[in-house]
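Engineer: Here it is, the structure in full.
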Amino acid sequence: MNDYYIEQIYKMNAGKNKKARINTFGCQMNAHDSEKLCAMLIAMAYEITESNDADLVLFNTCCVRENPEDKLFGNLGYFKNKKENNPDLKIILCGCMMQQNHIIEKIRHSYKFVDVVFGTFNFHKFPQLLFNNMITNSQIIDIWNEPKDYQETFSPQRKYFFKASVNVIYGCNNFCTYCIVPYVRGRERSRKSQDILDEIKFLVDDGVKEIMLLGQNVNSYGLDCGDNFPSLLRKINEIKNLERIRFMTSHPKDLSDDLIFAMRDCEKVCHHLHLPVQSGSNRILKLMNRKYTREKYFELIEKLRANIPDISLTTDIIVGFPNESEDDFANTIDLVKQVEFDGAFTFIYSKREGTPAARMLNQIPAEIIKTRFANLLEILNSIIAEKNKKYFGQTQKILVEEYDNGKLTGRNDKNVLVHFYGEKNLIGKFVDVKINDCKPFYLIGEKLGG
Ligand code: SAH
Ligand code: SF4
Ligand code: F3S
């Protein structure tokens, strides 16, 4: 019944030049949800703005680490002042952080000026909740503990006309001991493969050339419904006029030989794999409940490189997990040096209320973590910079994303950023670019063929 509420709000807003600002925190899953919320706002006669002078501000929140939380409450203080001057300003909160009871209590008691709050399982109800707030002018909080009648309703408002994200699986069953995601996103739910294929075909007809398949753990796709990710990839690879397939994130424990073979065989699947390792110490991996060892991880890397020699490998690493000793950390450094990652996200361990790791004894002091973190970063940066040099003199196929003042930016199939000169009309097209300078985190090149 979303259409009814959208129409009602559209009528209230029509001709009033209403503007909405969306602030998105967190991962690509959240970014994709925001694209859906954005489409709803446009349908309700809001113009999307980057300015804080808006009639509606929406925060799609993340709680995977502490920082984003502090940032949100800081931001809310600012908008509280704005609302004192403009009582019609609507403040909306949604996303993962809202699935936590202590946050909802805090909002109920100390942030009464917030208008609408909803969570990860009912964000399709946004128009109805906003409508209720507009009619009653009171705070509306609606949080579900599990997905009930979720429907893929809204065609997301894409940032780029030529690339799109597609959810394949929601939730996570892994319960890594440090991680809040399974608590705020629920158990794994795979979408039907036919629905995924239909959505991608629709997107390709609409001009999309590259798709990103999304899931907290894409390679456990289908385990809940008798399907599997490699076979989904093979089917997607058959879609005419689609040119590139990416996916994230993969969990090492579920990386099957079949998936490696599918990546090798499907010419549209990019030769890039994000495979978070988290730690190089078996003792810590066990405490993290990651369900693999460093030896198993090395084995996977070897198999991947044997089957797909030019594969680019990136990872996530957490520094300072409870009990991490100097020896454990040295094992992480050793793993990083042996694998030679092409890219990495490094995180300082952040204690998340309600997770098993938060209750572990022997939390590591901040100064020790800081030193380890800096040490890891320095080693990673020099490895990544060195690995990027291999592109020198090579011709890379780049999908152009942005234009600024005569300069184009795009990505190769390994997801590395490439800058070169060219015309704006190349946005959304594939261009051959000869690389003539390799910076640590991006490449500079020259367009071939005039
Ligand atoms: N589902 C994905 C990643 C989800 S969160 C996976 O399992 O690979 C993205 C990254 O955030 C994780 O890979 C992890 O490195 C980091 N992360 C999650 N919880 C964290 C915490 N409590 N403290 C620090 N980093 C964390
Ligand atoms: Fe979190 Fe682990 Fe699930 Fe990733 S696999 S979302 S790190 S619990
Ligand atoms: Fe954050 Fe939720 Fe993603 S906690 S990392 S936005 S799944």
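Engineer: Given the criterion farther than 22 Å from Glu243 by Cα, in contact with a helix residue (DSSP H, G or I) (Cβ under 7 Å, 6 or more places away or on another chain) and open to solvent by 50 Å² or more (accessible area, probe 1.4 Å), identify the matching residue among Pro365, Pro440. Lay out the reasoning, then the answer.
Structural biologist: Values: Pro365 fails: in contact with a helix residue (DSSP H, G or I) (Cβ under 7 Å, 6 or more places away or on another chain).
After ruling out the rest, the residue left standing is Pro440.
Engineer: Quick one: count up the residues across region 343-358 that are away from ligand 1 (no atom under 13 Å from the Cβ) and open to solvent by 30 Å² or more (accessible area, probe 1.4 Å).
Structural biologist: First pass over region 343-358, keeping only residues away from ligand 1 (no atom under 13 Å from the Cβ): 343.
With the extra rule that they be open to solvent by 30 Å² or more (accessible area, probe 1.4 Å), the set shrinks to none.
The total comes to 0.
Engineer: Could you figure out which of (1) away from ligand 1 (no atom under 16 Å from the Cβ); (2) at negative phi; (3) of a type in the set (D, E, K, R); (4) surrounded by fewer than 14 Cβ atoms within 10 Å (Cβ to Cβ) isn't true of Lys370?
Structural biologist: (1)
Engineer: Could you tell me which numbered condition Glu402 fails, if it satisfies all but one of (1) surrounded by 17 or more Cβ atoms within 10 Å (Cβ to Cβ); (2) under 23 Å from the mean Cα position of the chain (by Cα); (3) not small (Gly, Ala, Ser)?
Structural biologist: (1)
Engineer: Would you say Asp198 is touching a residue at least 24 places away in the same chain (Cβ under 8 Å), acidic (Asp, Glu), in the same structural domain as Cys179 (by TED's automatic domain parsing) and not in a strand (DSSP E or B)? I'd like the intermediate steps shown before the answer.
Structural biologist: Values: touching a residue at least 24 places away in the same chain (Cβ under 8 Å): no; acidic (Asp, Glu): yes; in the same structural domain as Cys179 (by TED's automatic domain parsing): yes; not in a strand (DSSP E or B): yes.
So Asp198 does not fit the description; no.
Engineer: What's the total number of residues in region 186-211 that are in contact with a helix residue (DSSP H, G or I) (Cβ under 7 Å, 6 or more places away or on another chain) and within 14 Å of ligand 1 (Cβ to nearest atom)?
Structural biologist: 1
Engineer: Then there's this: For the condition assigned by TED's automatic domain parsing to the domain that holds Glu238, closer than 26 Å to Asn362 by Cβ, more than 16 Å from ligand 3 (Cβ to nearest atom) and surrounded by 17 or more Cβ atoms within 10 Å (Cβ to Cβ), what is the one hit in Leu259, Leu275, Leu285?
Structural biologist: Working: Leu259 fails: closer than 26 Å to Asn362 by Cβ; Leu275 fails: closer than 26 Å to Asn362 by Cβ.
After applying the criteria, what remains is Leu285.
Engineer: Just wondering, is there one or more residues in region 223-244 that are buried (at least 19 other Cβ atoms within 10 Å of the Cβ) and at positive phi?
Structural biologist: Scanning region 223-244 turns up no residue that is buried (at least 19 other Cβ atoms within 10 Å of the Cβ) and at positive phi.
Engineer: Of (1) open to solvent by less than 50 Å² (accessible area, probe 1.4 Å); (2) modelled with pLDDT under 95, Asn85 satisfies all except one. Which?
Structural biologist: In the conditions (1) open to solvent by less than 50 Å² (accessible area, probe 1.4 Å); (2) modelled with pLDDT under 95, Asn85 misses (1) alone.
Engineer: Let me ask something else about it. Counting only residues that are part of a strand (DSSP E or B) and in contact with a Leu (Cβ under 7 Å, 6 or more places away or on another chain), how many does region 164-183 have? Walk me through it before giving the result.
Structural biologist: First, the residues of region 164-183 that are part of a strand (DSSP E or B): 164-167, 169-170.
Filter once more, keeping what is in contact with a Leu (Cβ under 7 Å, 6 or more places away or on another chain): 164-167.
Looking only at that region, the number is 4.
This table checks each residue for (1) of a type in the set (A, V, I, L, M, F, W, C); (2) at pLDDT below 95; (3) surrounded by 13 or more Cβ atoms within 10 Å (Cβ to Cβ).
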{"site": "Asn132", "(1), (2), (3)": "no, no, yes"}
{"site": "Ile143", "(1), (2), (3)": "yes, no, yes"}
{"site": "Asp149", "(1), (2), (3)": "no, yes, no"}
{"site": "Gln157", "(1), (2), (3)": "no, yes, yes"}
{"site": "Val166", "(1), (2), (3)": "yes, no, yes"}
{"site": "Lys201", "(1), (2), (3)": "no, no, yes"}
{"site": "Met212", "(1), (2), (3)": "yes, no, yes"}
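Engineer: While we're on this one: Exactly one of these conditions fails for Asp55: (1) within 16 Å of ligand 1 (Cβ to nearest atom); (2) farther than 20 Å from Phe154 by Cβ; (3) at pLDDT 95 or above; (4) open to solvent by 10 Å² or more (accessible area, probe 1.4 Å). Give me its number.
Structural biologist: It is condition (1) that Asp55 fails.
Engineer: Still on this structure: Give the residue, chosen from Ser250, Ser231, that is outside any helix (DSSP H, G or I) and among the hydroxyl-bearing types (Ser, Thr, Tyr). Break it down stepwise before answering.
Structural biologist: Values: Ser231 fails: outside any helix (DSSP H, G or I).
Among Ser250, Ser231, only Ser250 is outside any helix (DSSP H, G or I) and among the hydroxyl-bearing types (Ser, Thr, Tyr).
The values are calculated or read from the model by the stated rules, or taken from the named source; none is laboratory data. As the structure is a computational prediction, the values presented were derived from the model and not from experiment. All Cβ positions, even for glycine, are placed from backbone atoms using ideal geometry, and neighbour counts span all protein chains on display. Surface areas here come from the heavy atoms of the whole protein model, side chains and all, with no ligands, DNA or RNA. Shrake-Rupley method; radii C 1.70, N 1.55, O 1.52, S 1.80 Å.
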